[in-house]
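Participant: The structure is given below, and queries will be raised subsequently.
The values are calculated or read from the model by the stated rules, or taken from the named source; none is laboratory data. Keep in mind that this is a model prediction, so the values were computed, not measured. Cβ sites come from the backbone with ideal geometry, for glycine too, and all protein chains shown count toward neighbours.
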Amino acid sequence: MHKLLKKRSKKAGLLPGSLLHIGEQKTHDIKITIISYNETVYEKKELTSIEEYVSFFRALSLRTEKPFISWVNVDGVHNPEVVRTLGDIFGVHPLVQEDILNTDQRPKTEDYGNYLYIVLKMLSLRSDKGNGLQTEQVSLLVFPNAVVSFQEEKVGDVFDPIRDRLRNNKGAIRKEGADYLAYSLMDAVVDNYFITLENIGDKIEILENELLENPGQATLKSIYHLKREMIFLRKAVWPLRDVISTLSREESSFIRPATKMYLRDIYDHVIGAIDVIETFREMITEVLEIYLSGISNRLNSVMKVLTLIATIFMPLTFIASIYGMNFKHMPELDWKWGYPAILAVMGVTGVLMLILFKKKKWV
């Protein structure tokens, strides 16, 4: 299906902070999910409009119970008004709202004083696209007692294990702060990288088998498709290394020292994913070289056979051309055994040349 894209050129000439969605145009309704929790209480609310959220937010702000940690997840960023309204509620800078709507951002992190802004890429395999790789931008706003996440798609994220742990009060997530929730979301995204890499590893193995058995034009298309997927992977994962390093090393009022230990673990996972990506890139390059080398060898073999055939027939053609001349006084033309003699000479010449080629190991 054709994708309707709004390019960066659409923003040319607009004021900084102008809200314009850049990315694949979506048509589904935006869904807002709010999970509020502490050690003893868990509440979940799904909203389908920004008006419902405004009413819910006002009611939530009037509560006087034990402080809650809130996770606000927005599925769909193609509606600038929703991003603007949420941004105004949480006091988000217009430039950050602009970045949230621009789904072509590279992974990064910025500290705006009242909140932490994090961008990372979530990878998924779309069965409706033949297990093709899809890159989706995830934007996180980390506040002292809340995390707001923005996703492009309405379904298909990797956060279900986090939701299960919150609902069933498993692990330490309900006892920790918003920074631990942000870490958990980032960890889920990074762990999913390895699932994607395993799938690509299987594809490379299949390609290697095809090269040995019956490589064809479809094999070449698969190789170039994998090369393109590796470019997307590298673009998504490499900048994330610097993001996690910054979060785990620099002082921030939003990241507690205890959480930095977990962030360093994510950093190790990202480095591991980068190593696998670089290994796969080299393997795909080698597979392409082997394919092109195989095609070249097959072409050389064909040319060799054709050259040998042409070489054998050259003297035969020469003999035939001599006796094809229309001179009147050619003594062999009136000879009774002329025709079979010429055929015998041609046959012996061809056999002798074939024997010579075999001795030279050209055949």
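Participant: Which members of region 291-341 meet the condition of being farther than 24 Å from Trp362 by Cα and either in contact (Cβ under 8 Å) with a residue 60 or more places away in the chain or outside any helix (DSSP H, G or I) (or both)?
Facilitator: Tyr291, Tyr323, Gly324, Met325, Asn326, Phe327, Lys328, His329, Met330, Trp335, Lys336, Trp337
Participant: Would you mind finding the one in Leu233, Leu247, Leu226 that is surrounded by 19 or more Cβ atoms within 10 Å (Cβ to Cβ), in contact with a helix residue (DSSP H, G or I) (Cβ under 8 Å, 6 or more places away or on another chain) and at pLDDT 90 or above?
Facilitator: Being surrounded by 19 or more Cβ atoms within 10 Å (Cβ to Cβ), in contact with a helix residue (DSSP H, G or I) (Cβ under 8 Å, 6 or more places away or on another chain) and at pLDDT 90 or above holds for just one of Leu233, Leu247, Leu226, which is Leu247.
Participant: Looking at this structure, is Ser252 farther than 14 Å from Leu123 by Cα and in a helix (DSSP H, G or I)?
Facilitator: no
Participant: Okay, moving on. Of everything in region 184-221 that's hydroxyl-bearing (Ser, Thr, Tyr) and touching a helix residue (DSSP H, G or I) at 6+ places or on another chain (Cβ under 6 Å), which residue is surrounded by the fewest Cβ atoms within 10 Å (Cβ to Cβ)?
Facilitator: Among them, the one singled out is Thr219.
Participant: Being surrounded by 12 or more Cβ atoms within 10 Å (Cβ to Cβ) and closer than 30 Å to Asn214 by Cα, is that true of even one residue in region 317-334?
Facilitator: Within region 317-334, none of the residues are surrounded by 12 or more Cβ atoms within 10 Å (Cβ to Cβ) and closer than 30 Å to Asn214 by Cα.
Participant: Cβ-Cβ distance below 6 Å, separation of 6 or more or different chains: which pairs start in region 192-220 with a residue that is among the acidic types (Asp, Glu) and end on one that is surrounded by 15 or more Cβ atoms within 10 Å (Cβ to Cβ) and part of a helix (DSSP H, G or I)?
Facilitator: Qualifying pairs under 6 Å: Glu210/Thr219.
Participant: Output yes when any residue across region 12-27 is at pLDDT 75 or above and buried (at least 17 other Cβ atoms within 10 Å of the Cβ), and no when none is.
Facilitator: No, region 12-27 has no match at all.
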